[in-house]
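Asker: Take this structure first; my questions come after.
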Amino acid sequence: MKPVTLSPDDYIANQESDVQMVLAELHTRIKTALPNRDCCMWEGVFWSGSKQQIIGYGSYSYQRSDKKRVEWFTVGLARQKNYFSVYVNAVEGEEYLAEIYGPRLGKVKTGKSSISFRNLSDVNLGVLSEMIEHAEKITTETES
(Lines give C-alpha, C1' and ligand atoms only; values in the text may rest on other atoms or scores of the structure.)
Protein backbone atom coordinates (compact mmCIF):
# COMPACT_ATOMS: atom_id res chain seq x y z
CA MET A 1 0.00 0.00 0.00
CA LYS A 2 1.22 3.48 -0.81
CA PRO A 3 -0.16 7.02 -1.15
CA VAL A 4 -1.46 7.95 -4.63
CA THR A 5 -2.51 11.19 -6.34
CA LEU A 6 -6.28 10.49 -6.49
CA SER A 7 -7.96 12.84 -4.01
CA PRO A 8 -10.29 11.50 -1.31
CA ASP A 9 -13.03 13.84 -2.59
CA ASP A 10 -12.71 12.45 -6.13
CA TYR A 11 -12.73 8.89 -4.78
CA ILE A 12 -15.95 9.59 -2.87
CA ALA A 13 -17.54 11.40 -5.84
CA ASN A 14 -16.91 8.35 -8.07
CA GLN A 15 -18.99 6.03 -5.86
CA GLU A 16 -22.68 5.14 -6.23
CA SER A 17 -24.93 7.71 -4.51
CA ASP A 18 -25.80 5.55 -1.46
CA VAL A 19 -22.12 4.69 -0.90
CA GLN A 20 -21.16 8.32 -1.54
CA MET A 21 -23.50 9.48 1.24
CA VAL A 22 -21.98 7.11 3.82
CA LEU A 23 -18.37 7.83 2.83
CA ALA A 24 -18.99 11.59 2.84
CA GLU A 25 -20.52 11.46 6.34
CA LEU A 26 -17.67 9.35 7.71
CA HIS A 27 -15.04 11.46 5.90
CA THR A 28 -16.43 14.64 7.48
CA ARG A 29 -16.56 13.07 10.96
CA ILE A 30 -13.01 11.76 10.72
CA LYS A 31 -11.64 15.08 9.45
CA THR A 32 -13.46 16.87 12.30
CA ALA A 33 -11.97 14.47 14.88
CA LEU A 34 -8.48 14.82 13.34
CA PRO A 35 -8.32 18.56 12.58
CA ASN A 36 -4.52 18.70 12.31
CA ARG A 37 -4.06 15.64 10.10
CA ASP A 38 -3.80 15.59 6.31
CA CYS A 39 -5.58 12.92 4.31
CA CYS A 40 -4.79 11.16 1.05
CA MET A 41 -5.69 8.03 -0.86
CA TRP A 42 -3.71 4.85 -0.37
CA GLU A 43 -3.83 2.04 -2.93
CA GLY A 44 -2.25 -1.34 -3.30
CA VAL A 45 -2.36 -4.85 -1.97
CA PHE A 46 -3.51 -5.03 1.65
CA TRP A 47 -2.26 -7.58 4.23
CA SER A 48 -5.00 -10.01 3.21
CA GLY A 49 -3.69 -10.00 -0.36
CA SER A 50 -6.67 -8.05 -1.74
CA LYS A 51 -6.32 -4.83 -3.75
CA GLN A 52 -7.63 -1.89 -1.72
CA GLN A 53 -8.33 1.82 -1.91
CA ILE A 54 -8.30 3.50 1.51
CA ILE A 55 -8.58 7.13 2.55
CA GLY A 56 -5.75 7.57 5.06
CA TYR A 57 -5.75 10.33 7.68
CA GLY A 58 -2.50 11.32 9.35
CA SER A 59 0.65 9.29 9.06
CA TYR A 60 3.27 7.65 11.17
CA SER A 61 6.29 5.44 10.72
CA TYR A 62 6.82 2.16 12.53
CA GLN A 63 9.18 -0.78 12.46
CA ARG A 64 7.69 -4.17 11.60
CA SER A 65 8.85 -7.42 13.17
CA ASP A 66 11.07 -8.01 10.11
CA LYS A 67 12.85 -4.71 11.01
CA LYS A 68 11.53 -2.96 7.88
CA ARG A 69 10.40 0.64 8.46
CA VAL A 70 6.87 1.30 7.12
CA GLU A 71 4.84 4.49 6.59
CA TRP A 72 1.15 4.10 7.43
CA PHE A 73 -1.97 6.12 8.20
CA THR A 74 -3.34 6.74 11.69
CA VAL A 75 -7.00 6.34 10.65
CA GLY A 76 -8.30 4.82 7.41
CA LEU A 77 -11.69 4.68 5.69
CA ALA A 78 -12.59 2.15 3.00
CA ARG A 79 -15.53 0.77 1.10
CA GLN A 80 -15.32 -2.99 0.79
CA LYS A 81 -17.59 -5.09 -1.43
CA ASN A 82 -20.34 -5.53 1.18
CA TYR A 83 -19.40 -3.22 4.04
CA PHE A 84 -17.52 -0.13 5.16
CA SER A 85 -14.33 -0.25 7.23
CA VAL A 86 -12.69 2.26 9.52
CA TYR A 87 -9.15 1.44 10.61
CA VAL A 88 -7.81 3.04 13.79
CA ASN A 89 -4.10 2.33 14.15
CA ALA A 90 -3.71 3.49 17.73
CA VAL A 91 -2.86 1.55 20.86
CA GLU A 92 -3.38 2.44 24.50
CA GLY A 93 -1.36 0.27 26.83
CA GLU A 94 -1.30 -2.97 24.88
CA GLU A 95 -4.81 -2.78 23.43
CA TYR A 96 -5.94 -1.31 20.13
CA LEU A 97 -8.62 1.35 20.47
CA ALA A 98 -10.96 -0.69 18.22
CA GLU A 99 -10.86 -3.44 20.85
CA ILE A 100 -11.43 -1.00 23.71
CA TYR A 101 -14.33 0.85 22.06
CA GLY A 102 -15.76 -2.15 20.18
CA PRO A 103 -18.50 -3.06 22.69
CA ARG A 104 -19.88 0.52 22.52
CA LEU A 105 -19.73 0.96 18.74
CA GLY A 106 -23.01 -0.79 17.89
CA LYS A 107 -23.71 -3.50 15.34
CA VAL A 108 -20.14 -3.74 14.05
CA LYS A 109 -17.43 -6.32 13.60
CA THR A 110 -14.08 -5.39 15.14
CA GLY A 111 -10.57 -6.65 14.56
CA LYS A 112 -7.37 -5.41 16.17
CA SER A 113 -7.55 -2.05 14.40
CA SER A 114 -10.62 -2.40 12.18
CA ILE A 115 -14.30 -1.61 12.57
CA SER A 116 -16.59 -2.94 9.83
CA PHE A 117 -20.32 -2.39 9.32
CA ARG A 118 -22.89 -2.64 6.54
CA ASN A 119 -24.92 0.51 7.17
CA LEU A 120 -24.25 3.87 8.77
CA SER A 121 -27.17 3.20 11.13
CA ASP A 122 -25.31 0.14 12.48
CA VAL A 123 -22.53 2.21 14.07
CA ASN A 124 -22.76 4.57 17.03
CA LEU A 125 -21.27 7.65 15.34
CA GLY A 126 -20.75 9.50 18.62
CA VAL A 127 -18.62 6.67 20.00
CA LEU A 128 -16.76 6.38 16.68
CA SER A 129 -15.90 10.09 16.81
CA GLU A 130 -14.84 9.74 20.46
CA MET A 131 -12.52 6.86 19.55
CA ILE A 132 -10.94 8.79 16.66
CA GLU A 133 -10.43 11.85 18.90
CA HIS A 134 -8.78 9.51 21.42
CA ALA A 135 -6.52 8.19 18.63
CA GLU A 136 -5.58 11.78 17.75
CA LYS A 137 -4.65 12.48 21.37
CA ILE A 138 -2.54 9.38 22.00
CA THR A 139 -0.79 9.34 18.62
CA THR A 140 0.06 13.05 18.92
CA GLU A 141 1.53 12.38 22.38
CA THR A 142 3.55 9.46 20.96
CA GLU A 143 4.94 11.60 18.13
CA SER A 144 6.02 14.42 20.50
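Asker: Just to be sure, is Lys137 part of a loop (DSSP other than H, G, I, E, B) and more than 29 Å from Asp10 (Cβ to Cβ)?
Answerer: Criteria not met by Lys137.
Asker: Right, something else. May I ask you to list the residues in segment 66-104 that are part of a loop (DSSP other than H, G, I, E, B), of a type outside the set (Gly, Ala, Ser) and surrounded by 21 or more Cβ atoms within 10 Å (Cβ to Cβ)?
Answerer: Phe73, Thr74, Asn89
Asker: Okay, next question. Within segment 10-65, how many residues are among the charged types (D, E, K, R) and surrounded by 13 or more Cβ atoms within 10 Å (Cβ to Cβ)?
Answerer: 4
Asker: While we're here: Is segment 59-71 home to any residue that is modelled with pLDDT of 90 or more and not basic (Lys, Arg)?
Answerer: No; the residues of segment 59-71 include none that is modelled with pLDDT of 90 or more and not basic (Lys, Arg).
Asker: Looking only at segment 105-127, filter to residues that are among the β-branched types (Val, Ile, Thr), under 25 Å from Trp42 (Cα atoms) and in contact with a helix residue (DSSP H, G or I) (Cβ under 7 Å, 6 or more places away or on another chain); which one of those is surrounded by the fewest Cβ atoms within 10 Å (Cβ to Cβ)?
Answerer: Among those that are among the β-branched types (Val, Ile, Thr), under 25 Å from Trp42 (Cα atoms) and in contact with a helix residue (DSSP H, G or I) (Cβ under 7 Å, 6 or more places away or on another chain), it is Thr110.
Asker: Scan segment 13-27 and report the pairs whose first residue is assigned to a helix (DSSP H, G or I) and whose second residue is surrounded by 14 or more Cβ atoms within 10 Å (Cβ to Cβ) and basic (Lys, Arg), with Cβ atoms within less than 6 Å and a gap of 6+ or a chain change.
Answerer: Val19/Arg79
Asker: Within segment 109-118, identify whether any single residue is more than 15 Å from the chain's Cα centre (by Cα) and either at pLDDT 90 or above or β-branched (Val, Ile, Thr) (or both), and answer yes or no.
Answerer: yes
Asker: Taking the criterion of being modelled with pLDDT of 90 or more, closer than 19 Å to Thr139 by Cβ and of a type outside the set (Phe, Trp, Tyr), would at least one residue in segment 48-55 satisfy it?
Answerer: yes
Asker: For segment 35-65, enumerate the residues that are assigned to a strand (DSSP E or B) and free of Cβ contacts under 8 Å to residues at least 24 places away in the same chain.
Answerer: If the condition is that a residue be assigned to a strand (DSSP E or B) and free of Cβ contacts under 8 Å to residues at least 24 places away in the same chain, then Lys51, Ser61, Tyr62, Gln63 are the ones that fit.
The values are calculated or read from the model by the stated rules, or taken from the named source; none is laboratory data. Since this is a predicted model, take the numbers as computed values, not measurements. All Cβ positions, glycine included, derive from the backbone under ideal geometry; neighbour counts span all protein chains shown.
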